[in-house]
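> Take this structure, written in structure tokens, and hold onto it; I'll ask about it next.
None of the figures in this text is laboratory data; all of them are computed from the coordinates on show. Computed from a prediction, not measured in an experiment: that's the story for all the values here. Please note: Cβ atoms are built from the backbone with ideal geometry, for glycine as well, and neighbour counts cover all protein chains shown.
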Amino acid sequence: MKPELKPNRPYFSSGPCSKRPDWSPTSIEGALVGRSHRSKGAKARIKDVIDRSKSILGIPHDYVCGIVPASDTGSLEMALWNLLGQRGVEMLAWESFGLSWVTDVEKQLKLDDVTTRIADYGELPKLDLVDFTKDVVFTWNGTTSGVKVPNGDWIPSDREGLAICDATSAVFAMDLPWGKLDVVTWSWQKVMGGEAAHGMIALSPRAVARIESYSPPWPLPKIFRLAKGGKLIKGIFEGATINTVSMICVEDALDGLLWAERIGGLSALIDRSNSNLRVVEEWVADRDWIDFLANDPSQRSNTSICLRITDPWYQSLSDEEQQKKAKQLVALIEKEDVAYDFGSYRDAPPGIRIWGGATVESQDTEALLPWIDWAYQEIKNS
């Protein structure tokens, strides 16, 4: 039977993600539109976003943090292009975006000393084998697999190489061991529900030292340059951006950070994401036809919650039919305006991906799940 209760906000996309509760366009009516991003007021707004991000996330005082172009992709590739090449590299990947960083390093930068450690969807590579005499590049949370690194115990404090972490679907939802991470990148559009096209990058003193002592052998486009004359361009981390930012997006990012402060900061944000995961875990535990894509419960993401259909009738279908049925399930629910954009990523195994970041209310996640039950029976019997 078709359920009656619908989520108040049907937004479960994994990026751009749901806006914060009670957000409306009036929330950003103070945006400095029509003003130069280099004006005193605009630079102060940009610096406010940087400072509040550092404060909420607990980023160490001796790390620098800045806003850079092209979302998390731009942030991470900026790090790769500036930092890699001085020593060997270990590339860890267990889903689509991690694999794209492998492609960057092997086929674009064409580095020679590269070790790749790749795991299937649902798994992590063997972290105890990682060689930290080399630079290590990895995602903290696999956005398309729903598999996260459970902690930083595997990263040595006395590492020789740099730990370079794509944490775009982890920051503001998971507690990161900042002292064990030399580069952390993310974007506004994920856990905080901000707008796209703007990224952020945090650099440890070790990463800054690398930037100031090493010049990579390849050209660096302007939007990637972090150093000039052998010195870090400090203005990038003090409100002077590399290129023009959207002051509407800056205002929106600031609005999200102020909301985070009002509700209790990082611990409250993490609790909200964990609540969404718990709702899904309880639902999955009572069903024999669906399970998490992550095989180890300790590695389940509390943001990109990825599920696979395990029912024998479904598993007996061809790969093409499985894809078709999973898309039908999502389409049925979208047609009812119950939930949008929660299908699995195009390169991932067929299934569903429910975003559980802090801007999503757990009661909305709870209201969605009976609709998945209904849609599943519809596709099974069709």
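> Compute the distance from the alpha-carbon center of region 16-86 to that of region 147-200, in whole Å.
15 Å
> On to the next question. Over the chain, with a Gaussian network built from C-alpha contacts below 10 Å, which listed residue (319, 175, 48) shows the highest mean-square fluctuation?
Taking springs between Cα atoms under 10 Å, the residue moving most is 319.
> Sorted by average packing, counted as other Cβ atoms within 10 angstrom per residue and highest first, what order do 193-199, 323-329 take?
By packing density, highest mean first, the sequence is 193-199, 323-329.
> Relative contact order for region 265-381: what percent, with Cα pairs under 8 Å and sequence separation of 6 or more?
34 percent
> First measure r as the distance between the Cβ atoms of residue 240 and residue 128, then evaluate 1/(1 + (r/R0)^6) with R0 = 56 Å and state the FRET efficiency to the nearest 0.05.
Efficiency at R0 = 56 Å is approximately 0.85.
> Moving on to the next point. Please sort through the DSSP H helices of the chain and keep those with an alpha-carbon extent of at least 20 Å along the long axis and a Kyte-Doolittle average not below -1.0.
What comes out of the filter, once short or polar helices are dropped, is 40-57, 247-263, 266-285, 362-381.
> Given a 10 angstrom Cα cut-off, can you work out which residue in 118, 263, 201 is the most mobile in a GNM of the chain?
263
> Defining a contact as two alpha carbons under 8 Å apart and six or more residues distant in sequence, what relative contact order in percent does region 29-261 show? All intermediate terms of the calculation are to be shown ahead of the outcome.
Numbers: 425 pairs, mean separation 69.9, N = 233.
Once divided by the residue count of region 29-261, the mean separation gives 30 percent.
> Any idea what diffusion coefficient the chain gets from Stokes-Einstein, in µm²/s, Kirkwood Rh on alpha carbon pairs, 25 °C, 0.890 mPa s?
D = 114 µm²/s.
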